[in-house]
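Read the structure below first, then the notes.
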Amino acid sequence: MRVCVIGTGYVGLVTGVCLAHIGHEVLCIDNNIDKVKLLQRGESPIYEPGLTELLRGCIASGRISFSSDLGAGVEFGEVLFIAVGTPALPNGETDTRYVEAVARGIGAHLSLGYKVIVNKSTVPIGSGDWVRMIILDGVVEREPALADAIRAGATHPPLDFDVVSNPEFLREGSAIYDTFNPDRIVLGSSSRKAIEIMQELYAPIIERKYAVDPTLPPVPVLVTDLSSAEMIKYAANAFLATKISFINEIANICDRVGADVVQVAKGIGLDSRIGEKFLQAGLGWGGSCFPKDVSALIHTAADYGYDAQLLKAAVQVNQRQRFVVIEKLQQVLKILKGKTIGLLGLTFKPNTDDLRDAPALNLIEELHRLGAKVKAYDPLVSQSGLRSGLSHVIVETDLLHLADGCDALVLVTDWPQFQEVDYGELAKVMHQPVIVDGRNFLDRGGLEALGFRYVGIGH
C-alpha cells in the first residue's frame, strides 16, 4: 500500500520505517528541511536501537523516501498518518496546533479518490471529529463552492475520506520490538471500509510475520469508536503512571517501617491480577508521554466537570519522589553545600537519548540550589556532545572523571552498563564512597564489600 506519514519525530519515523520494512511504499513528510536531508542520507535524528539499520535498509530497497512537500504526500498516500508532536502547554493541556495545521493542509491538497486519515499523534478525546472538521475547512478554503454541499450534509463532497484513531503504545528504547510484537492494535472509526484498509495495512504484523515468536496467535485487533480509541491511549498511560506512583508510595512507607520494597513488589507482582511490570520503585516516571498524557487526561476531566483526584495524586507523588534522593543525601552527608555529587545517568530511561522531563534535571537544579557541585555521566549524552538544557552540571566523558572527588554517587538511570562497572576503582578516587541507588538496580552486597555505604529506595 502507499502510505504517507506526516511528521518524522519519534512516533512518525518509527512508524514509517517499520511500515516500509514490512513491504509498504512509504513517503515521510516533514517541514524541517534539514531533518529531511538528514533522513535522505540515511541518518536518524533520534536514537532508537535498530532504527538506523532498518532506515538504511528501506532506503536501499526504495520503499521509503522523505520530502517536505505536503501536497505530494497527500497525493501519494492511500493512508495518511498524522504523527506530529502534541506537546503539553504550560497549564498542562495538549497543544494541538501542529495537528490542526496538518489537517488544514491535508484539506488544502485533498483530491479525488478515497483516503484514510489516521490520527497517530496522541490527541485529546474528541479530536477525530475535530480533525475531520478541520480537513473540511481546508477543502472549503480551497473550493468555496463546496461549502453549500457540506452544509447540506454531504460530508465528503466530492472527496471521500475517513478519519481513524490508531494510538501508538511504543516504549522508547524498544519501539522497533513493540511495533512488530504489539500487545494489541487499536482502531477507532465508524467506517467499515477504513477499518478493513487498516487491517490490510497491518496484516503482516497482525499475523506475526515479523514477530520474535511467529507461532503466537494473531495480534488482537480492537475496533472501537473514535473517542474510545483516543481514551484507551490516555487510560493506559495514566494507569501505568499511577502504578509506578503507587509502588513509590509503598517504598516511602517501607523506608519508615524497615520493610524492603523489592521483596514487597515481588510478592504483590506474583498476583496475576497485579503483575510484576511497573512495580520498580525509584525516582518516578518522566519522558515525553506519561507526564503530558496524565496531565491532559486531568484537564479533559475538568473540562467535563470531573475532578480526577487519583490522577492528581499520582502526579503529586511522582513530583515528590524525585527529591527523595536529596533527603537521603542529606541524611548521609548532612550539609550538601560544598559537596560534590556524581550522577550515573541523565536520560529518563535507558536506551534513549531523551531528556524530556527526566528526574535528573530536577536533581541537578535542587543540588545546585543547595550549593553542591554536580557532575554527571550518561552512556549516550556524554558521548553526543549535546549539552543543551544541561546547566549547573559538569558532563563527564568517563566514569573515573565522574567519581573523582565525589562525596556521593547517585544512580539515576538504570543503564545495564552500570552493573558492569568496576566500582572498586571508582571508590579509590572518591572523597567518600557513598552511593544512592535511585533505581534499586545495583548489587548492594557487592558494593558494601567494596567499602561503599549503599542507600536504596525503600530498600
*Would you check if there is a residue in region 427-439 being under 14 Å from LYS328 (Cβ atoms) and in contact with a His (Cβ under 9 Å, 6 or more places away or on another chain)?*
yes
*Between residues in region 352-365 that are closer than 17 Å to ASP414 by Cβ and residues that are open to solvent by 50 Å² or more (accessible area, probe 1.4 Å), which pairs lie under 6 Å by C-beta distance while being six or more apart or on different chains?*
ASP353/TYR47
*Residue check for LYS337: exposed (fewer than 15 other Cβ atoms within 10 Å of the Cβ), in contact with a Leu (Cβ under 9 Å, 6 or more places away or on another chain) and of a type in the set (Lys, Arg)*: yes
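Search region 358-372 for residues being part of a loop (DSSP other than H, G, I, E, B) and buried (at least 20 other Cβ atoms within 10 Å of the Cβ), and hand back the single one that is modelled with the lowest pLDDT.
Here the residue is ALA358.
Applying the selection to region 312-334, what residues are open to solvent by 20 Å² or more (accessible area, probe 1.4 Å) and either of a type in the set (D, E, K, R) or at pLDDT below 95 (or both)?
LYS312, ARG320, GLU327, LYS334
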*Is one or more of the residues making up region 421-436 among the hydroxyl-bearing types (Ser, Thr, Tyr) and touching a strand residue (DSSP E or B) at 6+ places or on another chain (Cβ under 7 Å)?*
no
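Give SER228, SER245 a once-over and let me know the one that is of a type in the set (S, T, N, Q), more than 30 Å from GLY438 (Cβ to Cβ) and at pLDDT 95 or above.
Only one candidate passes the filter, namely SER228.
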*Residue selected from region 269-294 under the condition crowded, with 18+ Cβ neighbours inside 10 Å and outside any loop (DSSP other than H, G, I, E, B), by the criterion nearest to the chain's Cα centre (by Cα)*: PHE290
*Would you mind telling me which numbered condition in (1) in contact with a helix residue (DSSP H, G or I) (Cβ under 9 Å, 6 or more places away or on another chain); (2) in a helix (DSSP H, G or I); (3) within 22 Å of GLU168 (Cβ to Cβ) HIS299 fails?*
(1)
*At least 1 residues that are open to solvent by 10 Å² or more (accessible area, probe 1.4 Å) and either touching a helix residue (DSSP H, G or I) at 6+ places or on another chain (Cβ under 7 Å) or over 23 Å from ARG356 (Cβ atoms) (or both) in each: list the strands (runs of 3 or more DSSP E) lying fully within region 379-459 that qualify.*
453-455
*asked:* Going through VAL212, VAL219 one at a time, which residue ends up being open to solvent by less than 80 Å² (accessible area, probe 1.4 Å) and in contact (Cβ under 8 Å) with a residue 24 or more places away in the chain?
replied: VAL219
_Cβ-Cβ under 8 Å, sequence separation 6+ or interchain: first residue in region 322-336 and within 16 Å of GLY456 (Cβ to Cβ), partner open to solvent by 70 Å² or more (accessible area, probe 1.4 Å). Which pairs?_
VAL332/ARG453
*Qualifying positions in region 253-265 - in contact (Cβ under 8 Å) with a residue 12 or more places away in the chain and either open to solvent by 20 Å² or more (accessible area, probe 1.4 Å) or part of a loop (DSSP other than H, G, I, E, B) (or both)*: ILE253, ASP255, ALA259, ASP260, VAL262, VAL264
*Scan region 178-200 and give yes if some residue there is small (Gly, Ala, Ser), closer than 30 Å to PRO350 by Cα, buried (at least 16 other Cβ atoms within 10 Å of the Cβ) and at pLDDT 95 or above, otherwise no.*
no
*Take region 105-125 and flag every residue that is among the small types (Gly, Ala, Ser) and either at pLDDT 90 or above or open to solvent by less than 30 Å² (accessible area, probe 1.4 Å) (or both).*
GLY105, GLY107, ALA108, SER121
*Which of the residues spanning region 78-104 are open to solvent by less than 20 Å² (accessible area, probe 1.4 Å) and either closer than 16 Å to ASP160 by Cα or touching a residue at least 40 places away in the same chain (Cβ under 8 Å) (or both)?*
VAL79, LEU80, PHE81, ILE82, ALA83, THR86, GLY92, VAL102, ALA103
_Test result for GLY371, in contact with a His (Cβ under 6 Å, 6 or more places away or on another chain), more than 20 Å from ARG439 (Cα to Cα) and either among the basic types (Lys, Arg) or in contact (Cβ under 8 Å) with a residue 12 or more places away in the chain (or both)_ = no
*If you take the residues of region 31-53 that are among the β-branched types (Val, Ile, Thr) and under 22 Å from LEU170 (Cα atoms), which of them is modelled with the highest pLDDT?*
THR52
*For region 127-145, what are the residues that are within 29 Å of the chain's Cα centre (by Cα) and open to solvent by less than 30 Å² (accessible area, probe 1.4 Å)?*
SER127, GLY128, VAL131, ILE134, ILE135
*Would you check which residues across region 23-59 are without any contact (Cβ under 8 Å) to a residue 40 or more places away in the chain and hydroxyl-bearing (Ser, Thr, Tyr) and list them?*
SER44, THR52
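The values are calculated or read from the model by the stated rules, or taken from the named source; none is laboratory data. Given the structure is predicted, the values throughout are model-derived calculations rather than measurements. Reconstructed Cβ throughout: ideal geometry from the backbone, glycine too, with neighbour counts over all protein chains shown. In case anyone asks, the SASA skips ligands and DNA or RNA and just uses the protein heavy atoms, side chains included. Shrake-Rupley method; radii C 1.70, N 1.55, O 1.52, S 1.80 Å.
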